[in-house]
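Heads up, the thing below is written out as structure tokens.
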Amino acid sequence: METNKVKQIHSFGQSIWLDFIDRAFIGNGKLKALIDDDGIRGVTSNPAIFEKAISSSDMYDADIKALSDGKKTTEEVFFGLAIKDIQDACDLFKDLYNEGEVKGADGYVSLEVSPFLALKGAETFEQAKLLWKLVDRENVMIKIPGTQPGLDAIRKSIAQGININVTLLFGLPRYEEVALAYIAGLEDHLAAGHDIAHISSVASFFLSRIDVLIDPILDEKGLGEYKGEVAIASAKKAYEIYKRVFSGERWEKLAAKGAKPQRLLWASTSSKNPAFKDTKYVEALIGPDTVDTVPLETIEAFRDHGVAANTLEQGLDKATEVLDKVKAAGIDLDALTQQLEDEGIEKFNAPFEKLLKAIEANKGK
């Protein structure tokens, strides 16, 4: 019998997580089937995913009524709905989380703080603590955007022993700051007399959105042959940073106490350009100690015609060359990745607003 192609990725040390959640999908056994058949090892959600789930189904209506007791804000009603789905998904992954030599190597489900808080560090930290407590599952990760104000919230949350998925990362300098915030948070937790072996974190580096923004600029600058290459080159460079940060004396002290490195997670992995192969981003970045969160249609495409190989550290010279050429052409990657972060916040704010309006309308039914 032919081996499942998605499962093959795991043999190269990468975990595939599903970038999707909804109540019907959990209830009808489809998520369980992905765990069993494709070896899916976690789930990520975001405000846009929940907006689709809640707006396109009547499965949430009874809960909306039950939660709308007059005292709760619409946002609290939303988190009530989301937490139930996140808990159910966490329970499906519980065995995976508990198995293996290292407890908590995988089996995580991510829930994002309100996107309205993306630039409010102190409030983000307060909400991360609250959601962690309300979900009440060891294998939940609270998602915090890796904005400048988010860095302190990330460090403080890790220092509280909370699992964190850092989201909306586009640029290399910010990614390195996030990795260092994780290490500082572990040091804080350890200094306060706590065990750190149970803490887990990922840093979600977004891919296809980088190329969508940069490819037209490459065309203008006569660098068309590098279209579809900048995101992958950036990711390969991020992995070099990962290997450097999670080695050496400072890290070894924490590793000796059971600390787990903060894995890089590839996000925004569906090809937005129809000229590219639909499994392009998944195939290009398969390698050890990483996670790739993939939408359902890309998982299905990979199962059908994906190629699993150890690609992450291939072509590192080419990655350097691509980024050097971009810089030499006067393209300011740091400014563009900041633009992507700003747009990324907006891309989650808009569906979240829509979602809150839909819940509001439903309350009155």
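Would you please classify the overall shape of the chain from the alpha carbon gyration tensor, given that a ≥ b ≥ c denote the square roots of the eigenvalues, rounded means a/c under 1.5, and beyond that prolate means a/b larger than b/c while oblate covers the rest?
Because its axes are fairly even, with a/c under 1.5, the chain counts as rounded.
Scanning the chain for DSSP H helices at least 30 Å long along the axis (C-alpha atoms) with a Kyte-Doolittle mean no lower than 0.5 picks out nothing. Lys30 to His198: FRET efficiency via 1/(1 + (r/R0)^6), r the Cβ-Cβ distance, R0 41 Å, to the nearest 0.05? For Lys30 and His198, the calculated efficiency is 0.85.
At an R0 of 25 angstrom, the distance between the Cβ atoms of Lys7 and Lys103 translates into a FRET efficiency of 0.70.
Between amide H atoms placed 1.01 Å from N, distances below 5 Å from Asn165 occur with Ile142, Lys143, Ile144, Val202, all of them 5 or more places distant or on a separate chain.
A prolate overall shape is assigned to the range 1-97, the ratio a/c of its alpha-carbon gyration tensor axes (a ≥ b ≥ c) being 1.5 or greater and a/b exceeding b/c. Placing a label point 7 Å from the Cα of Glu126 along the Cα-to-Cβ direction, the residues of the range 157-189 whose backbone N falls under 20 Å from that point are 157-162.
Taking amide hydrogens as placed 1.01 Å from N in the peptide plane, the amide H of Arg263 sits under 5 Å from those of Ser201, Ala203, each at least 5 positions away in sequence or on another chain.
Here the calculated FRET efficiency for Lys253 and Glu283, from their Cβ-Cβ distance with R0 = 56 Å, stands at 0.95, rounded to the nearest 0.05. Rounded, prolate or oblate: which fits the range 71-161 when a ≥ b ≥ c are the square roots of the eigenvalues of the alpha-carbon gyration tensor, with rounded for a/c under 1.5 and prolate only if a/b beats b/c? It comes out oblate by the Cα gyration axes. Only helices enter the 222 nm calculation for the chain: every DSSP H run of n ≥ 4 contributes -39,500 (n - 2.57), and dividing by all residues gives -17000 deg cm²/dmol, rounded to 500.
Along the range 269-282 the Karplus relation, 6.51 cos²θ - 1.76 cosθ + 1.60 evaluated at θ = phi - 60°, assigns HN-Hα couplings of 9, 8, 6, 8, 9, x, 6, 8, 4, 5, 10, 3, 6, 5 Hz to successive residues, with x for each Gly and Pro.
Taking the number of Cβ atoms within 10 Å of each Cβ as an exposure proxy, the fewest-first ranking of Trp251, Trp266 is Trp251, Trp266. Loop-located GluC sites (Glu not before Pro) across the range 72-130 with a Cβ neighbour count of 15 or fewer within 10 Å are Glu99, Glu101, with loop assigned by DSSP.
Report the extension gain between Val307 and Gln338 in nm, rounded to one decimal, defined as 0.36 nm multiplied by the number of residues separating them, less their alpha carbon distance.
This chain segment gains 7.9 nm when fully extended.
The trypsin sites (Lys or Arg not before Pro) of the range 1-71 that meet both conditions, a loop assignment by DSSP and at most 12 other Cβ atoms within 10 Å of the site Cβ, are Lys71.
The chymotrypsin sites (Phe, Trp or Tyr not before Pro) of the range 1-104 meeting both criteria, a DSSP state outside H, G, I, E and B (loop) and at most 15 other C-beta atoms within 10 angstrom of the site's C-beta, are Phe12.
Each of Gln148 and Ala329 was given a label point 7 Å from its Cα along the Cα-to-Cβ line. The distance between the two points is 2.8 nm. Rounded to whole numbers, the Karplus 3J(HN,Hα) couplings from phi for the range 162-171 are 8, 6, 10, 9, 7, 10, 6, 9, 10, x Hz, using 6.51 cos²θ - 1.76 cosθ + 1.60 with θ = phi - 60°, and x at Gly and Pro.
Laboratory data are not the source of any read-out in this text; all were calculated from the coordinates shown. Quick caveat: nothing in here was measured; it's all calculated off a predicted structure. Cβ coordinates were reconstructed from backbone atoms using ideal geometry, including for glycine residues, and neighbour counts include every protein chain displayed.
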